[in-house]
Amino acid sequence: MDDRDHVITAKNLSRADIETVLDRAAAIERDPPDRDRHAGRLLGLCFFEPSTRTRMSFEAAIKRLGGDALDMGPVDSSSATKGESLADTVRVIEGYADALVLRHPSEGAATMASEFVDVPLLNAGDGAGQHPTQTLLDLYTMRENAGGLADLTVGIMGDLKYGRTVHSLAYALTKFDASQHFVSPESLRLPRSVRYDLHEAGAQVREHDDLDEVLSELDVLYVTRIQRERFPDENEYRAVAGEYRIDAETLERARDECIVMHPLPRVDEIAPAVDATEHAHYFEQAHNGVPVRMALLDLLLDDTDGEEAADATDDSANGGSR
Ligand code: ASP
């Protein structure tokens, strides 16, 4: 993980880190932890952008571990409207909580904020940047349903330019030697920086503008929403909206075992008729947010328990003064 246990980008998650979290999530599903495992621990939720799944699954996760969530609430009722800087906001909230979850519209916001706090900070999406905890649940869903994570052939389709879940997932899949096929219109290809990083990391990557070029080879088809809110110009959005849509007929050309995933929310990229097919795994994927975030919090809070114990020992060695 990152320094001081911040989780900011999937680039800094090693294969071993990822496996540790996924193994812990599987153990939690098999044998749920005691309801008071992390009693008294508080998770600060700082969402400067809309969220349903991420916010609620983090809240469910900390509550199922015996702790509680402190939600900053809507941005327009927070001090951000009075002009408070993000750095000041997180510095204040770290005094109330044992870990922070931050979602912000600006790419790089989580990196910047993490420099101001000592408690673990989890990036829950920074603009078009990264969304590493989504990646952990994406990988968990693949591992459970696509026969493991080794040597997968994964198609990632839709908005590869602005889709932060795509950027995080691509970094992580590279660590598992996946074959990655990126399917999008020309204007929504992966950002140059991500492409560069993948190349440097030796990723096996191909780009396509037609899903049919690769569909029959895929173990996983990961569909994404066109990120309308990130387009500088509504006309540019309209030019690509609705272009990449799959329905039950599309999937007749896929392998029977191919699983379809989507970080959600979907707009119209996946026809509702797909929901009833064996391919559909996106609701299960969203539900996996709870055990995976429980696992991550459990590991991070265990670590900070250790630090507190060490601090207490140092304190008693120093006569208990602080
Ligand atoms: N929920 C995901 C995110 O926050 C995907 C999306 O919004 O399209 O990035």
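The values are calculated or read from the model by the stated rules, or taken from the named source; none is laboratory data. What you are looking at is a predicted structure, and each value in this text was computed from that prediction instead of being measured. With ideal geometry, Cβ positions are generated from the backbone for all residues, glycine too; neighbour counts draw on all protein chains shown. Accessible surface areas use protein heavy atoms only, side chains included; no ligands, DNA or RNA. Shrake-Rupley method; radii C 1.70, N 1.55, O 1.52, S 1.80 Å.
Summary table
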{"quantity": "Counting all C-alpha pairs of the chain, share separated by more than 36 Å (%)", "calculated": "19 percent"}
{"quantity": "Solvent accessible area, Å² - I93, 1.4 Å probe, full protein context", "calculated": "20 Å²"}
{"quantity": "Gained length - D71 relative to Q204, 0.36 nm times residue gap less alpha-carbon distance", "calculated": "43.8 nm"}
{"quantity": "For S79, solvent-accessible area (1.4 Å; no DNA, RNA or ligand), Å²", "calculated": "50 Å²"}
{"quantity": "F283 accessible area, 1.4 Å probe, all protein chains in place, Å² to nearest 10", "calculated": "100 Å²"}
{"quantity": "Segments 204-212, 141-149 sorted - mean Cβ within 10 Å per residue, highest first", "calculated": "141-149, 204-212"}
{"quantity": "Net length gained if the chain between E19 and R91 were fully extended (0.36 nm per residue, minus Cα distance)", "calculated": "22.8 nm"}
{"quantity": "Accessible solvent surface per residue of the chain, calculated while the other protein chains remain in place, 1.4 angstrom probe, Å²", "calculated": "44 Å²"}
{"quantity": "Calculated FRET efficiency for the pair S78/E234, C-beta based, R₀ 30 Å, to 0.05", "calculated": "0.60"}
{"quantity": "Gain on full stretching of the segment that runs from A39 to D151 - 0.36 nm per residue minus C-alpha separation", "calculated": "36.3 nm"}
{"quantity": "Geometric extent, Cα atoms of the stretch 132-286 - Rg, Dmax (angstrom)", "calculated": "14.3, 42"}
{"quantity": "Ranked order, E186, E94 - accessible area, probe 1.4 Å, largest first", "calculated": "E186, E94"}
